[in-house]
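First comes the structure, then the notes that go with it.
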Amino acid sequence: MASDPVHTKEIAETFDELAHDRCCKYKSKGLTASTEVLLGLLTENGLVGKTLLDIGCGTGFFALETLRQGASSCIGVDLSSVAIHEANEFARESGLQDRAKFEVANAASAQHAADIVVMDKVLCCYPDADSLLKTASGSSSELLGFVVPRDEGLMRPLIRIGTGLINLVERLRRTGFRLYLHPLGSLDRLLVDNGFQQSSKAKSRFWLVFLYKRTEPDMPERR
Ligand SMILES: C[S@@+](CC[C@H](N)C(=O)[O-])C[C@H]1O[C@@H](n2cnc3c(N)ncnc32)[C@H](O)[C@@H]1O
């Protein structure tokens, strides 16, 4: 699709279809292991009283969980309008709607301002990691956490085969959705160039969880 090289419509449609099931899964099983790790890193580094931006928030359960753990307010953005609808419903059901705002947006171009920014399994769904991470880093005044496939060490061949198979199925289904394994070194360089340093790295079976801290103030013109 020449007019949309990053396939935002196809990504939105893919997650529109999955939104309801993902919300039900969270309600019956709770957070996944990697998401628990991300939440743990945030609480260890001071979540209480902070504002949070959840990029690619899906149905909003992580952002709402951070409110239960003491964050003061949260904003969630996602390309999927169905996921955002579920997130707003879930916020109301949980009585957290006054501190939570969910909106449809492409986070690669829509900048917000928050103390903490997270992207849980989002970079792997978007081709232009540089734009997404640059906008995310410009939105964060303190911490930036993200979860990406465990594309290193002994897990690398398995992750690469799994990603290849998923992309083959998507190609056969003629969708524009693909999974991406962005080089970890490039993500690190971009964040260092934008004033962050890695402070923690943890893993679950299939995922790596990173936490970066801002070491240099953001340039006013980027905010
Ligand atoms: C694998 S899901 C993860 C959802 C949620 N973070 C979780 O862990 O359950 C990836 C989400 O990122 C969203 N997404 C991908 N690229 C995005 C972008 N550029 N802007 C906003 N949302 C995006 C997708 O619509 C999808 O809901």
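Does K213 fit the bill of being farther than 17 Å from C124 by Cβ, of a type in the set (K, R) and modelled with pLDDT of 95 or more?
Values: farther than 17 Å from C124 by Cβ: yes; of a type in the set (K, R): yes; modelled with pLDDT of 95 or more: yes.
For K213, the condition - farther than 17 Å from C124 by Cβ, of a type in the set (K, R) and modelled with pLDDT of 95 or more - is met.
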Out of everything in segment 125-144 that is in contact with a Leu (Cβ under 9 Å, 6 or more places away or on another chain) and either basic (K, R) or surrounded by fewer than 19 Cβ atoms within 10 Å (Cβ to Cβ) (or both), what residue ends up being farthest from F177 (Cα to Cα)?
K134
Considering segment 152-177, residues that are crowded, with 17+ Cβ neighbours inside 10 Å and at pLDDT 95 or above, and then whichever is farthest from H112 (Cα to Cα), we arrive at M155
Just to be sure before I move on: is E65 of a type in the set (D, E), modelled with pLDDT of 95 or more and crowded, with 16+ Cβ neighbours inside 10 Å in the structure I sent?
yes
Among (1) touching a residue at least 60 places away in the same chain (Cβ under 8 Å); (2) surrounded by fewer than 23 Cβ atoms within 10 Å (Cβ to Cβ), D78 falls short only on (2)
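Kindly provide the set of residues from segment 133-185 that are among the basic types (K, R) and on the phi < 0 side of the Ramachandran plot, ordered by number.
Start the filter on segment 133-185 by keeping residues that are among the basic types (K, R), which leaves 134, 150, 156, 160, 171, 173-174, 178.
Residues satisfying the conditions are K134, R150, R156, R160, R171, R173, R178.
The values are calculated or read from the model by the stated rules, or taken from the named source; none is laboratory data. Please read these numbers as outputs of a predicted model, since none were measured by experiment. Every residue, glycine among them, receives a Cβ derived from its backbone with ideal geometry; neighbour counts consider all protein chains shown.
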